[in-house]
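S.K.: Here you go, one structure.
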Amino acid sequence: MKFQLRFCGEGGQGVITAGEILAKAAIKEGRNAFKASTYTSQVRGGPTKVDIIIDENEIFFPYAVEGEVGFMLSTADKGYQGFKDGVEKNGIMVIEPNLVHPSKEDYDKWQIFEIPIITIAKEEVGNVATQSVVALAIAAYMSKCIDTQALKNIMLEMVPAKTKDANSKAFDLGIQYASKAQANS
């Protein structure tokens, strides 16, 4: 099965790192995966996007096909507004409700879930830098693109040793919030 995911936000939020971890984990599972990043020259504060393609078959085009993205997660309004139209009708979107502002038409077009990713990282994990791991867990759980435990194990191999506990907690909280959001929809 082919998965096309998109993470977007602002430079410095860890969007591209989350995409890299997801692609690497899919490859370790024996599938083909590719991540393609787009970001402005401003880097910090500018809109960023990473498309992640995961497929059992060989990938010939390394970007998500506009209008066919099945899952998008956005932690900043600039990224959301700039890249939302690539998501298929009725596709799943997860937004940071404190920073992303969909229109009424957006709610009619897509399945939008509001999960306070940055607040979770800052207040429950105690480290705002873990927001990309919270987002990664939410994306994996809601898109069903990869085994979440395998992804968590790969993520923990990739983060610095001194941050493993915080990132493990962030991942678990991401799964917990995603599960609640889907159960309440």
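The values are calculated or read from the model by the stated rules, or taken from the named source; none is laboratory data. Computed from a predicted structure; not experimentally measured. Positions of Cβ are backbone-derived with ideal geometry, glycine not excepted, and every protein chain shown enters the neighbour counts. Ligands, DNA and RNA are excluded from the accessible area calculation, which covers all protein heavy atoms including side chains. Shrake-Rupley method; radii C 1.70, N 1.55, O 1.52, S 1.80 Å.
S.K.: Of K24/K164; K109/K164; K28/K78; K84/K164, which ones are farther than 27 Å apart at the Cα?
M.R.: From the list (K24/K164; K109/K164; K28/K78; K84/K164), the Cα-Cα distance tops 27 Å for K109/K164; K28/K78; K84/K164.
S.K.: Another one. For every helix of n ≥ 4 consecutive DSSP H residues, a contribution of -39,500 (n - 2.57) applies; sum these over the chain, divide by its total residues, and give [θ] at 222 nm rounded to the nearest 500 deg cm²/dmol.
M.R.: So the calculated ellipticity at 222 nm is -12000 deg cm²/dmol.
S.K.: Is there a quick way to get the dipole size of the stretch 44-158? I mean about its Cα centre, with the Cβ of Lys and Arg at +1 and of Asp and Glu at -1; what is the value in debye to the nearest 20?
M.R.: Result for the stretch 44-158 is approximately 360 debye, rounded to the nearest 20.
S.K.: Classify the stretch 112-185 from the C-alpha gyration tensor, please: rounded if a/c falls under 1.5, else prolate or oblate depending on whether a/b exceeds b/c.
M.R.: Oblate shape, in that a/c is at least 1.5 and b/c is the bigger or equal ratio.
S.K.: Please report the relative contact order for the stretch 116-185, taking Cα pairs under 8 Å with a sequence separation of at least 6, and give it as a percent rounded to a whole number.
M.R.: Relative contact order for the stretch 116-185 comes out at 39 percent.
S.K.: Tell me, in nm to one decimal, what length is gained between Q176 and K28 on full extension, where the rule is 0.36 nm per residue of separation less the Cα-Cα distance?
M.R.: 50.8 nm
S.K.: Rounded, prolate or oblate: which fits the chain when a ≥ b ≥ c are the square roots of the eigenvalues of the alpha-carbon gyration tensor, with rounded for a/c under 1.5 and prolate only if a/b beats b/c?
M.R.: Rounded is the answer for the chain, as its axis ratio a/c remains below 1.5.
S.K.: Report the net charge of residues surrounding T17, where surrounding means a beta-carbon distance below 12 angstrom and charges are Lys +1, Arg +1, Asp -1, Glu -1.
M.R.: Once all neighbours under 12 Å are counted, the net charge is +1.
S.K.: Let me ask you something else. Using Cα pairs closer than 8 Å and at least 6 residues apart in sequence, work out the relative contact order for the chain, in percent.
M.R.: With pairs under 8 Å counted, the relative contact order is 21 percent.
S.K.: Using 0.36 nm per residue of separation minus the Cα-Cα distance, give me the extension gain between K2 and V128 in nm, one decimal.
M.R.: Length gained, K2 through V128: 42.2 nm.
S.K.: Find how many whole Å separate the alpha carbon centroid of the stretch 144-185 from the alpha carbon centroid of the stretch 64-99.
M.R.: So the separation of the two Cα centres works out to 20 Å.
S.K.: Right, next: Considering only protein heavy atoms, with the full assembly of protein chains and a 1.4 angstrom probe, order K49, K109 by accessible area, largest first.
M.R.: K109, K49
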